[in-house]
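Asks: Can you keep this structure in mind? I'll have questions shortly.
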Amino acid sequence: MSTLERVSTAEQAPVEATRVNSWNGWDPLRHVIVGRATGTVVQAPEPAVRRDFPEDGFPLGTWGPMPEEMTAEANEQLDSFARLLSSRGIRVDRPTPLDFTQRVSTPDWEQESMFGCMPPRDVLLTVGNEILEATMSYRSRWFEYLAYRPVLQSLFESDPDMRWEAAPKPRLTDESYVPGFWDTYNTLGLGEQLDKVAANDLVLTEKEPLFDAADVARFGKDLFVQLSLVTNRQGYEWLRRHFPEHRVHAITFTNTHPLHIDATWVPLRPGLVLHNGERLATPELVKYFEVNDWEVVEAVQPASWKHQMRLSFCTPWLSVNLLNLDPNTLCVEAEEVRLADQLVGLGFDVVPVPFRAVAPFGGGLHCATVDIERDGVLEDYFPRRAGRF
Ligand code: ARG
C-alpha cells in the first residue's frame, strides 16, 4: 500500500495548495483524513481499559485481530465514504496501518498489542493551522500516531505555515491508573458512578497530563474539553496552557462511561448544538450557551442496531457522530432516518452514508475523520460570560 494513498476520481480538479486550517466543526470542508479498519485488534489487557466480549469470541483476558470479514466490510464502507467525499471535491488522505498485533514497549512497560487506525479523531486535534498529536492514555494506543506520520510529514512539507505539535509523551506507568478501578466501578450504583464522573474520579490518576483528541469539541475561540475515562484534569490543564488565545473549558456530562465528546455534545452550525439527552449537560454549561443565543437541541433516539454491535465498545449514540460538509450539510449514518428527518426539520441537507460496519472499529463518521482544511477564520461565538465560563 502506498504511504499516502489519495482517493482520486476520474476527473479530479487540479489539486489546490495544501493548507492546514480548521477552527470549528462546521465550516466548509476542503481536506480531511479518513481512517482505515485494516489490522485493528481487540486489545490485550491493560490497566486503562477492559475488553470483555464473551459472546463474540473475545472473553476477558483474550485479544487478537478483529475477524477478517468484519474488517473487510468496514473497509468497504470507509473506502466508499472516502470516494463520496472526493466526488464532492474534498481531498482525502488515509493513514498507513502498522502491524497492530505487535507487542510494544517503552522503558516503563510492555503491552501485548496495539489497537488500530480507524478513528483518527481520537489521536489528532486540528486547531487553526496546528495539528496536535494527543498524549492518548491507553498503552495499546501509545504508538498510534505512527500511522498518521506519513500524512503529517507530507502536510508539513507542502504547507509552509502548518504547525506540527505533539503533547508530552506520557509515561503510563502503573501510577497513572487507579488500581482495581474496573472491579470497583462496575459494582457501584448509577448515582455513585455519576458522582465519580462529575468529580472525574475515574481510572486515570493525576500523575501526568493525559487526553484523547476526541474529548475536545471546537467552537472557534471556545474549546470544550470533556473530562473522561481517557482525559484527566492535567490533560485539560495542558490544553488550556497550550492554547492561550482560546477559552478552554473543562466539562462533564451525566454519562457513566464518558469517552470522547462527539456522541454527546455536537456542534452543528453557529448557534446550534445537538445534545444527547441521555447524557445531560450541567446547568451552567447550558446557561453559557443560552446567554450567547445558542439553541441546544436534544437528538431523537438512535435507530436499532440489532446485531451490529458485535465487538463494539461504542453505543448506539454513534447516531449523533456526524460530519459537517458545511454549515448546511451533514453526513448522517444511512439507517438513522429519524435523526435525518430531525436534521432536515432544522434546515440541513442530509447526506446518508452507510457506516454501521465501522462502529466496532472505534466509532462513526466524526470519529473516522480529522479535519485538515475547512474555510473560515477564528471567530468568537460566545461573547458573553456566564458563571465560571
Ligand atoms: N463513547 C461514544 C459512545 O459510544 C462514542 C464516541 C466515539 N468517538 C470517537 N471519536 N471515537 O457513545
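Asks: Could you please report the charge total around ASP375, scoring K, R as +1 and D, E as -1 over all other residues with beta-carbon less than 13 angstrom from its beta-carbon?
Replies: Net local charge, ASP375 excluded: -3.
Asks: Which percent of Cα pairs goes in each bin when the distances of the range 67-136 are cut into 5 angstrom slices starting at zero?
Replies: 3, 12, 14, 22, 20, 15, 9, 4, 2, 0
Asks: Determine which lysines satisfy two conditions relative to LYS221: a Cα distance under 24 Å, and not lying fewer than 8 residues away in the same chain.
Replies: Filter leaves LYS287.
Asks: Within the set of other residues whose C-beta is less than 14 Å from the C-beta of ARG50, count the net charge using Lys and Arg as +1 and Asp and Glu as -1.
Replies: Cβ neighbours under 14 Å give a net charge of -1.
Asks: Amide H to amide H, which residues 5 or more places from ILE372 or on other chains are under 5 Å from it, using H placed in the peptide plane?
Replies: HIS31, VAL32, ILE33
Asks: Right, next: How high is the relative contact order of the chain, in percent, counting Cα pairs under 8 Å that sit 6 or more residues apart?
Replies: Over the chain, the number comes to 22 percent.
Asks: Where both partners of a DSSP beta bridge lie in the range 18-374, what percent of those bridges are antiparallel, to the nearest 5?
Replies: Percentage antiparallel, nearest 5: 60.
Asks: Hey, got the dipole for the chain? About the Cα centre, +1 on K and R Cβ, -1 on D and E Cβ, debye to the nearest 20?
Replies: Dipole size: approximately 380 debye.
Asks: Let me ask another. When the distances between all Cα atoms of the chain are binned every 10 Å from zero, what whole-number percent does each bin get?
Replies: 5, 24, 36, 27, 8, 0
Asks: Still on this structure, please answer the following. Note down the net charge around PRO352, summing +1 for each Lys or Arg and -1 for each Asp or Glu among other residues with Cβ under 13 Å from its Cβ.
Replies: -3
Asks: Let a ≥ b ≥ c be the square roots of the eigenvalues of the Cα gyration tensor of the range 225-282; is it rounded (a/c under 1.5), or, if not, prolate (a/b larger than b/c) or oblate?
Replies: Oblate, since a/c reaches 1.5 and b/c is not below a/b.
Asks: Assign one of three labels to the range 301-389, namely rounded, prolate or oblate, based on the Cα gyration tensor with a ≥ b ≥ c the square roots of its eigenvalues; rounded applies when a/c is under 1.5, prolate when it is not and a/b is larger than b/c, and oblate otherwise.
Replies: Verdict is prolate for the range 301-389.
Bear in mind that the values in this text are calculations on the coordinates, not laboratory data. Note that this is a predicted model, so its numbers are computed, not measured. With ideal geometry, Cβ positions are generated from the backbone for all residues, glycine too; neighbour counts draw on all protein chains shown.
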